[in-house]
Amino acid sequence: MNYAVEIKDLDLYFGNVKVLQQLNLDIYKGEFLVLLGSSGCGKSTLLNCIAGLLEVTDGQIFIGGNNVTWAQPSERGIGMVFQSYALYPQMTVEGNLSFGLRNARMPRDEISKRVSRAAGILQIEPLLKRKPAALSGGQRQRVAIGRALVRDVDVFLFDEPLSNLDAKLRADLRVEIKKLHEQLDNTMIYVTHDQIEAMTLADRIAIMKEGKIMQLASPNEIYNRPRNLYVADFIGSPSMNFLHGEIKDGNFLLDGITIPLKGYEFAADSSQGGKAILGLRPEHILTGDNLASATVRTTVTVELVEPMGSDTLIYSTLAGTFIHVRMDGQARVSPGDKVEIGFQPERASLFDPETEDRL
Amino acid sequence: MADTAVSTNVSSTASLRDGPRGPKPRRTFSRRNILLYGTLFVIAVYYAIPLYVMIVTSLKGMPEVRMGNIFSPPLEITFAPWVKAWSQACTGLTCKGLSIGFWNSVRITVPSVIISTIIASVNGYALANWRFKGANVFFTILIFGSFIPYQVLLYPVVILLREIGLYGKLAGLVIVHTIFGMPILTLLFRNYFSSLPEELFKAARVDGAGFWGIFLRVMLPMSIPIFAVAIILQVTGIWNDFLFGVVYTGPESYPMTVALNNIVNSTQGVVEYNVNMAATIITGLVPLTIYFVSGKLFVRGIAAGAVKG
Ligand SMILES: Nc1ncnc2c1ncn2[C@@H]1O[C@H](COP(=O)(O)OP(=O)(O)OP(=O)(O)O)[C@@H](O)[C@H]1O
Ligand SMILES: [Mg+2]
């Protein structure tokens, strides 16, 4: 029994709207799992089901090996942190932190011990006597995390905890959450639609679409070997370039260019060939000095240039398809220039245009 | 070239040019202001004059009232009409003034307001946060209920009260007011509780608070403004009620509004305008006071409740 949370054949319908269907997900003890997906795909719904805030239509949920499908939220051994912080406005920070413990009728000295421990970890001791209204966004979010912390639970649930904060604070708190995870070593399930958060925090990412998990894998795997078109398109910014062509005799034929696929690891047997989509990340298209390692090369005309400081993005057309290329930030190019580009087929992804699955 | 222009502009102090600078000056006697304040003044006078006439008349003796100068201030201020209205004016057969009606009204209003507000707040909370089975049906019925004209229900309720032996008693009227206030009050509370962030409720559930725990310790402290609104609504509504009062109570338990009506409409002897005016003001004083007192509370409640987080 190495799983902290197991979700088995979970269905959740709101009336006729089937939000989650036959969802299965096993989360290891101590794992940091990120649920990533576009708005409305059912991330919060799944989290609320795990927390017991929504009654499931069918299926089972196990936490720490116990079947908690019918258990109250407070009995499940979970702590939850919400996007809007959801602090009790009439209570002080201390009152907020201790509310759950008081409901559990815990002895007074134990409560104060736990509150001060959590306040210590989150560095909010000076704020304990204040009301939430007198706190900054970052401080409020820390209190919200503290509320889960004092309850000494095994599983933390975060529903977009940072999306109400500005970019700088978000980055800071992201690091803090990561540190907290290393320190506490408990299981964390984290909902976000921010890719950077997902990539930096997660041990594994579950990419969701319309209530189904499209891929569950490490950030590295998801980035490098997306299992289908949706995942490939969703992860990465700017997103992957997709070129339509054909596989024939171990080569990808793209509008007159022949790309040898030697070195590409096929996910399935696809020796028979046929129509295919070649996915190339903008940052995997090589230019300038890096061209040496490219096995496939061609020349394109620059149409648009977006200097972004650390790197420069150029827009161009390859084989009738609009593509993005990420170049070095120091590159001096202007629209109309001819640029030689190249890539390594083993870093590309191939997809079946019918099933949209990885080849 | 453009670069240098930008950098010099930043480093040197900018020199002002002719033309508008700072806030736009506003004339006190602009045409707009005259129109606005003029209109407001006229409206204020329009509403204030009847009140003025009432107060002035209630402070005059009958000889002075008969002189007919309703706008002139009293030559000789007397509080006799007020005393008479309170304790001696005749309401039908008895001549004990408004005092009896006043205490009846207090005994009707206080329990009705408290009971209906408590029940409606719990109803509203349950409807907004605990989506129990049939909640929608219940809510629809409730909304429907708030549109039923009272006249339709007058007689059935008489029978109902008679059957349970409360017809003509204060307790019966308290029940009637509580029930009739329920749809609109529940609606009010439900909408308020729905407007509170749902995540707060979820957080409280994760923290192990139950139905009453969440209501009393999380929701109630945030609901002072809506309680103020509900209480204002109920107090003014019930205090000013005439119809239910006259239908469901007997002469000993008539509320103040009915007593007032009996004083003003009594047909024997001369019409004592000064006493009538005093009686009317006394009757209206209670909702007026409530309005001012809880109006303040209302504002403070909003300020206390307007906490995001
Ligand atoms: N109470 C409800 N009744 C009906 N449909 C609902 C209800 N709550 C959510 N939904 C629907 O369920 C779907 C999933 O909602 P959910 O809140 O889980 O999305 P999400 O992935 O968290 O999105 P976001 O990133 O915007 O928070 C949405 O299509 C939403 O419209
Ligand atoms: Mg959500």
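Miscellaneous remarks
- Amide hydrogen neighbours beyond the local backbone of A:Thr312, cut-off 5 Å, H modeled: A:Met327, A:Asp328, A:Gly329
- In order along the range A:52-63, phi translates into HN-Hα couplings of x, 8, 10, 7, 6, 7, 7, x, 10, 10, 10, 10 Hz, rounded to whole numbers, per the Karplus curve 6.51 cos²θ - 1.76 cosθ + 1.60 with θ = phi - 60° and x for Gly and Pro.
- For chain A, the antiparallel share of DSSP beta bridges with both residues in that region comes to about 75%.
- When you filter the chymotrypsin sites (Phe, Trp or Tyr not before Pro) in the range B:54-136 for DSSP loop state and at most 16 other Cβ atoms inside 10 Å of their Cβ, you are left with B:Phe71, B:Phe79, B:Trp130, B:Phe132.
- Take each residue of peptide A:125-132, count the partner chain Cβ atoms within 10 Å of its Cβ, and average: the result is 1.
- Distance histogram for the protein assembly as shown (every C-alpha pair counted, 20 angstrom bins, percent rounded to whole numbers): 13, 29, 28, 19, 8, 2, 0
- B:Tyr37 versus A:Lys212: modelled label distance in nm, points set 7 Å from Cα along the beta carbon direction: 7.1
- Summary: within chain A, the longest segment free of GluC sites (Glu not before Pro) located in DSSP loops with at most 14 other C-beta atoms within 10 Å is A:56-264.
- Here chain B is treated with +1 on each Lys and Arg Cβ and -1 on each Asp and Glu Cβ, and its dipole about the Cα centre works out to around 700 debye.
- For the range A:115-189, the square roots of the Cα gyration tensor eigenvalues, ordered a ≥ b ≥ c, give a/c of at least 1.5 with a/b no greater than b/c, which places it in the oblate category.
- Across chain B, the mean sequence separation of Cα contacts (distance under 8 Å, 6 or more residues apart), normalised by length, yields a relative contact order of 27 percent.
- Length-normalised contact order of the range A:1-145 in % [C-alpha pairs under 8 Å, at least 6 apart]: 21
- Computed from backbone phi, the HN-Hα couplings of the range B:237-248 come to x, 6, 5, 7, 5, 10, 4, 4, x, 6, 7, 9 Hz, rounded to whole numbers (Karplus: 6.51 cos²θ - 1.76 cosθ + 1.60, θ = phi - 60°; Gly and Pro given as x).
- Mean residue ellipticity, 222 nm, helices only, chain B: the sum of -39500 (n - 2.57) across DSSP H runs of n ≥ 4, divided by residue count and rounded to 500, is -22500 deg cm²/dmol.
- With the simple model of a label 7 Å out from the Cα in the direction of the Cβ, A:Asp357 to B:Ser87 spans 9.7 nm.
- Efficiency of FRET between A:Gln60 and B:Cys95 - r from beta-carbon atoms, R0 60 angstrom, step 0.05: 0.15
- Pairs over the 18 Å Cα-Cα cut-off, from the set A:Lys168/A:Lys209; A:Lys43/A:Lys212; A:Lys18/A:Lys209; A:Lys18/A:Lys43; A:Lys248/A:Lys275; A:Lys18/A:Lys212: A:Lys168/A:Lys209.
- Here the spin labels are modelled as points 7 Å beyond Cα on the Cα-Cβ line, and at A:Lys338 and B:Thr28 they lie 8.0 nm apart.
- Ordering B:Val229, B:Pro183, B:Met219 by the projection of their Cα atoms onto the charge dipole of the range B:174-248, which places +1 on the Cβ of Lys and Arg and -1 on the Cβ of Asp and Glu, puts B:Met219 at the extreme positive end.
- Listed from fewest to most Cβ neighbours within 10 Å, the set A:Met308, A:Met91 follows the order A:Met308, A:Met91.
- Longest segment of chain B lacking trypsin sites (Lys or Arg not before Pro) that sit in a DSSP loop with at most 13 other Cβ atoms within 10 Å: B:134-307
- Counting all C-alpha pairs of the range B:166-309, share separated by more than 20 Å (%): 62
- For the range B:34-78: relative contact order, % (alpha-carbon pairs under 8 angstrom, 6 or more apart): 35
- Residue list for the range A:37-70, given a label point 7 angstrom along the Cα-to-Cβ vector of A:Lys8 and an amide N cut-off under 15 Å: A:58-70
- The percentage of C-alpha pairs in the range B:34-78 whose separation is greater than 12 Å is 61%.
- Were the residues from A:Ala104 through A:Ser310 laid out at 0.36 nm apart, the gain over their Cα-Cα distance would be 68.9 nm.
- Rounded if a/c under 1.5, otherwise prolate or oblate - the range A:38-89, Cα gyration tensor axes: oblate
- On the beta carbon distance between A:Asn220 and A:Ala331, with R0 = 22 Å, the FRET formula returns roughly 0.20.
- Cα gyration tensor shape of chain B, rounded if a/c is under 1.5, else prolate or oblate by comparing a/b with b/c: oblate
- Note on chain A: helix-only mean residue ellipticity at 222 nm, from DSSP H runs of 4+ residues weighted -39500 (n - 2.57) and normalised by residue number, equals -7000 deg cm²/dmol.
- Residue-averaged beta-carbon neighbours from other chains (10 angstrom radius) around B:207-213: 6
- For B:194-205, mean number of other protein chain Cβ atoms within 10 Å: 6
- At R0 = 56 Å, FRET efficiency that the Cβ-Cβ distance of B:Phe211 and A:Glu246 yields, to 0.05: 0.30
- When each of A:Thr287, B:Thr28, A:Thr295, B:Thr91 is scored by the number of other beta-carbon atoms lying within 10 Å, the sequence from fewest to most is B:Thr28, A:Thr295, A:Thr287, B:Thr91.
- Tail fraction, Cα-Cα pairs, chain A, threshold 40 Å, whole percent: 28
- DSSP bridge pairs, the protein assembly as shown: antiparallel proportion in percent, nearest 5: 75
Each value in this text was obtained by applying a stated rule to the coordinates, not by laboratory testing. Keep in mind the model is a prediction, meaning the values are calculated, not measured. FYI the Cβ positions are ideal-geometry reconstructions off the backbone, even for glycines, and counts take in every protein chain you see.
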